[in-house]
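First up is the structure itself, then whatever we jot down about it.
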Amino acid sequence: MHGDLPIAVIGGGPAGAVAAYGLAAAGLPAVVFEARPGWEKPCGGGLTDKALRHFPELAAHLPAEANPARECELVSPAGRRALLPLDRPVAIFPRRRLNALLLERAAAAGAEIAAERARALIPGARGWRIERRAGAPLQARAVVVAGGARAAWPLPAPPPLTAGDWMATAGYYLPLERLPWPRQRMAIRFLPGLAGYLWSFPRRDHASVGVCGPLGGEPTAALRRRLEHWLEQAGVAWRGGDFYAHLLPAPTRGRLRAARFGGAAPHPWARAGDAAGLVDPITGEGLYYALRSGALLAEAWAQEDWDGYHARVQRELVSELEAGAALAHRFYHGRFLGAAVLERMTQFAQRSARFRRLLADLFAGAQGYADLGPRLWRQLLPTLGEVALAGGRS
């Protein structure tokens, strides 16, 4: 291979910045193309305990840069409420700060940050040619596409997402003082007929409140009205807040299984993070998968194992996401013991300490989807006993 050429990273979000850091730390030259070195993104910005354990350098910024959420209120479609203590808090970062911290770390390791947008990506005789807005094109040994799920680049394998693999989101950034909840409480509200949810994620200096639903279902304007109605019911003054709307990957099980995430032919290439469709198909959470995919790429490519990244992603990340995708329809539309799954989930969380621990482990990332079923069945009878006992007392 052309070892004298750098590796180009298209996109400086979490996946691209972590990949660039790992490559540069291994002594490989890396150039990150990112026109917005620090920018806000319409998402919660929550990092689970699992993410912080994999990336302790981010945990070192608590609480200066992120708000540790220590509890979460769940509200079912029928209005049933349960408060879930989080023994392992979720660190909620403003995305502009998280992105900036990760890019600064990559630059400190030796990666070059090009504050510009790549115009074109062209395979050539010596790797890849990246066309720039100004100046000579960059010749790159390999390329990492990490610029978000909607970016279309001419790579050897087609994008992992099609028209049916998306969720629409809409929301507001609001000052924390407008919210009726404690500053360290997340709120999640499920709604009748919506395979999505409303959320409030409190950051250090503001909150991201929003709603998500399948693209092609309700129009974004209808989702926005649902969100505004919820906020009004909660007594939240949302008018004047900064509005956002965004598309979120929601890959199906078959799409994840068939996707190709990188390879050596004809020149080394890879997709990471949202660009690879690596997003939780139930919750829409993508930060952990973005960070981890960037790290897995750097591990493989630092050894010039150009095909090894795909195998690592399949083994560690896709197996878990496939399990989540298999549960997604049942989660939003299924029934258990004569009631909707979401109603039973909230009822059990109200009345069973054992079930609350299970949900807390899910939030922390300690409990995955792949082995969720066996744990649920193992503790079903004790959980039902706690639910029945609490019901009798009430």
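The values are calculated or read from the model by the stated rules, or taken from the named source; none is laboratory data. Just so it is clear, the model here is predicted, and its values are computed rather than measured. Every residue, glycine among them, receives a Cβ derived from its backbone with ideal geometry; neighbour counts consider all protein chains shown.
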Practice task
Identify all residues within region 332-390 that are closer than 11 Å to residue 84 by Cβ and of a type in the set (Lys, Arg); write none if there are none.
Solution key: 356, 357
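Only residues that are within 26 Å of the chain's Cα centre (by Cα) and either without any contact (Cβ under 8 Å) to a residue 40 or more places away in the chain or surrounded by 14 or more Cβ atoms within 10 Å (Cβ to Cβ) (or both): list them for region 107-118, please. Working first, answer last.
Applying the first criterion (within 26 Å of the chain's Cα centre (by Cα)) to region 107-118 yields 107-109, 111-118.
Passing the criteria: 107, 108, 109, 111, 112, 113, 114, 117, 118.
Out of region 267-288, which residues are at positive phi, in a loop (DSSP other than H, G, I, E, B) and touching a Ser or Thr at 6+ places or on another chain (Cβ under 8 Å)?
As a first pass, look at region 267-288 and keep what is at positive phi: 273, 277, 284.
Filter again for in a loop (DSSP other than H, G, I, E, B), leaving 277, 284.
Of everything in region 267-288, just one residue is at positive phi, in a loop (DSSP other than H, G, I, E, B) and touching a Ser or Thr at 6+ places or on another chain (Cβ under 8 Å), namely 284.
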Practice task
Take residue 37 and decide whether it is modelled with pLDDT under 95, within 20 Å of the chain's Cα centre (by Cα) and in a loop (DSSP other than H, G, I, E, B).
Solution key: yes
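Somewhere in region 40-63, is a residue assigned to a loop (DSSP other than H, G, I, E, B) and charged (D, E, K, R)? Can you show your working first?
Step one: list which residues in region 40-63 are assigned to a loop (DSSP other than H, G, I, E, B), which gives 40-45, 48, 55, 60-63.
Checking which are charged (D, E, K, R) leaves us with 40-41.
Yes: region 40-63 contains one or more residues that are assigned to a loop (DSSP other than H, G, I, E, B) and charged (D, E, K, R).
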Exercise for the section: Could you list all residues from region 242-266 that are part of a loop (DSSP other than H, G, I, E, B) and either touching a strand residue (DSSP E or B) at 6+ places or on another chain (Cβ under 7 Å) or surrounded by 20 or more Cβ atoms within 10 Å (Cβ to Cβ) (or both)? Expected result: 250, 251, 259, 261, 266
Exercise for the section: Determine which single condition residue 384 fails, assuming it passes every other condition in (1) surrounded by fewer than 18 Cβ atoms within 10 Å (Cβ to Cβ); (2) not charged (D, E, K, R); (3) not in a helix (DSSP H, G or I). Expected result: (3)
Practice task
Could you check, for region 350-360, whether at least one of its residues is surrounded by 14 or more Cβ atoms within 10 Å (Cβ to Cβ), within 23 Å of the chain's Cα centre (by Cα), small (Gly, Ala, Ser) and at pLDDT below 95?
Solution key: yes
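Residues being β-branched (Val, Ile, Thr), crowded, with 21+ Cβ neighbours inside 10 Å and more than 17 Å from residue 233 (Cα to Cα): count how many of those fall in region 171-220. Spell out the reasoning first.
Of the residues in region 171-220, the ones β-branched (Val, Ile, Thr) are 188, 209, 211, 220.
Subset that is crowded, with 21+ Cβ neighbours inside 10 Å: 209, 211.
Checking the rest, the ones that are also more than 17 Å from residue 233 (Cα to Cα) come to none.
Selection size over region 171-220: 0.
Scanning region 272-295 for residues that are of a type in the set (A, V, I, L, M, F, W, C) and more than 15 Å from residue 145 (Cβ to Cβ), which turns out surrounded by the fewest Cβ atoms within 10 Å (Cβ to Cβ)? Before the answer, list the steps.
Residues of region 272-295 that are of a type in the set (A, V, I, L, M, F, W, C), as a first pass: 272, 275-276, 278-279, 282, 287, 290-291, 295.
Those left that are additionally more than 15 Å from residue 145 (Cβ to Cβ): 279, 282, 287, 291, 295.
Values: 279: 26, 282: 21, 287: 27, 291: 25, 295: 19.
My answer is 295.
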Exercise for the section: Could you run through region 128-154 and say how many residues are buried (at least 20 other Cβ atoms within 10 Å of the Cβ), in a loop (DSSP other than H, G, I, E, B) and aliphatic (A, V, I, L, M)? Expected result: 2
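Being surrounded by fewer than 19 Cβ atoms within 10 Å (Cβ to Cβ) and touching a Leu at 6+ places or on another chain (Cβ under 6 Å) is true for just one of 230, 238, 269. Which residue is that? Let's see the steps before the verdict.
Values: 230 fails: surrounded by fewer than 19 Cβ atoms within 10 Å (Cβ to Cβ); 269 fails: surrounded by fewer than 19 Cβ atoms within 10 Å (Cβ to Cβ).
The unique qualifying residue is 238.
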